[in-house]
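Notes for the one structure printed next.
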Amino acid sequence: MKKQTSYLLIFILSCFVVLLALAACSSVKKTGDASKFRVILGDEQFEQYEPLLKDRRVALFSNHSGIVGDKITLSDGNIQYGGFVSSSEKDISYIPFGKDLSGKSVSYGEHVLDSLLSHGINVTTIFCPEHGFRGTEDAGATIASSVDEKTGIPIRSLYEDDMNHKINPKNMEFFDSLVIDIQDVGLRYYTYYITLYYLIDECAKNQKQVVILDRPNPNGFYVDGEILKDDFKSGVGQLPIPTVHGMTLGELARMINGEGWLSAGKNSCSLTVIPCKNYTHQTKYALVRAPSPNIKNMRAVYLYASTCFFENTIVSIGRGTDFPFEAYGSPFFASVSGADFSFVPKSIPGALNPPFLGETCYGIDLRSKPLEEIFAAGCDISYLFDAYQKAKSAGKDSEFWGKARLKNYYWIDLLSGSASLREHISAGVPAETIKKNWQTDIENFKNLRKPYLLYEE
């Protein structure tokens, strides 16, 4: 009997230990172990790229977004990293970048420039994109070359004039390797990838090494929009890719190189990508810092694919407010049915002279739209269709698209990739029909990009 009791006690203790172990595993899954569950950025994996840069002169293409690991310190002193957009239980897409859930400011971790220098890497040159190295300048603003105050390293602007945003060939003399660490949002008209394209094109011609420290694409979970036609290349579109390409910058650079889109030819760039860990194309990654001045929260990141089409039309997308890209309206819609929301653009940092400055705009507020609906709609041109119909009601449809520009194209043509979207909206073709016309080209693109993907779809 004593023996049986002993066996029973051992069995009970064993079960208890197993339950504790299961509880511990459950706890780890809920809290998200830093090394196993969070997305680890390319710039954190220094052991992977330090050997590539040793004893070389290094140029850095980055801006304010190049925070190693997207590390931040909350107002209560807790450390946090870039992560996932919460489910509908706790929608954090409204929280302004730079604030925590209590509305207090966060502080940011080490910048990649400081990290490279602290590891003994010889950084000789910094290249900055649109909005400048600190990310504070207006869209398209001229940015003079300067010197980084903290390190004394020259900052060579690629936005020193209005027309040519390419690298000056003389600047190729100052480095052997180019390191790229910058946060993109995955849209064809978002200009950081265009600057990257110009840089690696010049590096390929001059046999310079390129190392990309990859970051997640916050819009990397879908592909949508029209493919850019060659005749519509501009400063807001350079490659034959959809509006939403669904690739990280590392993957896109691999495609640029492998498809022969560089002037030096196919695979002409000596390219290394340091991939993220624990990332897939279904990861909805939450950024920690505004990638540019007028994208103020994650909701704007998601709506940008749809509302940016209003640029240079008679419709404001909220530049000069606290919610750019999260609403649209026009002074011409004052008496139009359904334009119940109003806002007044003001001169603020990042939008010093916004469209319709000081005028009341009437339209639609998208800030209450559920994230699930935004995700499902993708590149949603129903907003454009709706606004055009409102302009028609107001007798302003002939003025809706603004003025023709480069090659007699309208700005919407350059943003969308051809004249097709403008012509179809003007003709009253429903948004659903227009999107169906894109599907074959989108599927072909997805097949074309497959060899260059680094992450599971």
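Within segment 53-86, which residues are in a strand (DSSP E or B) and either of a type in the set (Lys, Arg) or within 15 Å of Ile180 (Cα to Cα) (or both)?
Within segment 53-86, Arg57, Val58, Ala59, Leu60, Phe61, Ser62, Ile67 qualify.
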Practice task
Could you tell me whether segment 243-254 includes any residue that is surrounded by 22 or more Cβ atoms within 10 Å (Cβ to Cβ), at positive phi and in contact (Cβ under 8 Å) with a residue 60 or more places away in the chain?
Solution key: yes
Handout entry: segment 95-132, residues that are surrounded by 16 or more Cβ atoms within 10 Å (Cβ to Cβ), more than 22 Å from Leu158 (Cα to Cα) and out of contact with any strand residue (DSSP E or B) (no Cβ under 7 Å at 6 or more places or on another chain)
Key = Ile95, Phe97, Asp100, Ser115
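So, in segment 400-457, of the ones that are among the β-branched types (Val, Ile, Thr) and farther than 30 Å from Phe332 by Cβ, which residue ends up surrounded by the most Cβ atoms within 10 Å (Cβ to Cβ)?
Ranking the candidates gives Ile442 first.
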Exercise for the section: Taking Lys346 as the residue in question, decide whether it is more than 24 Å from the chain's Cα centre (by Cα), surrounded by fewer than 20 Cβ atoms within 10 Å (Cβ to Cβ) and without any contact (Cβ under 8 Å) to a residue 24 or more places away in the chain. Expected result: no
Exercise for the section: Out of Glu50, Glu89, report the one residue that is part of a helix (DSSP H, G or I) and modelled with pLDDT of 50 or more. Expected result: Glu50
Fill in the blank from the handout: Residue pairs within 8 Å by beta carbon, gap of at least six or interchain, first lying in segment 378-405 and under 17 Å from Ile364 (Cα atoms), second open to solvent by 40 Å² or more (accessible area, probe 1.4 Å) and of a type in the set (Phe, Trp, Tyr), listed first then second, are Ala391/Phe332; Ala394/Phe332
Practice task
For segment 294-309, state whether one or more residues are under 21 Å from the mean Cα position of the chain (by Cα), open to solvent by less than 10 Å² (accessible area, probe 1.4 Å) and without any contact (Cβ under 8 Å) to a residue 12 or more places away in the chain.
Solution key: no
Exercise for the section: With the condition kept exactly as written, say whether any residue in segment 261-281 is under 18 Å from Ala305 (Cα atoms), modelled with pLDDT of 95 or more and not basic (Lys, Arg). Expected result: yes
Practice task
From (1) over 24 Å from Tyr302 (Cβ atoms); (2) at pLDDT 95 or above, pick out the condition that doesn't hold for Gly237.
Solution key: (1)
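The values are calculated or read from the model by the stated rules, or taken from the named source; none is laboratory data. Note that the coordinates shown come from a computational prediction; the quantities given were computed from them, not determined experimentally. Cβ sites come from the backbone with ideal geometry, for glycine too, and all protein chains shown count toward neighbours. What goes into the accessible areas is simple: the full protein's heavy atoms, side chains included, and nothing from ligands, DNA or RNA. Shrake-Rupley method; radii C 1.70, N 1.55, O 1.52, S 1.80 Å.
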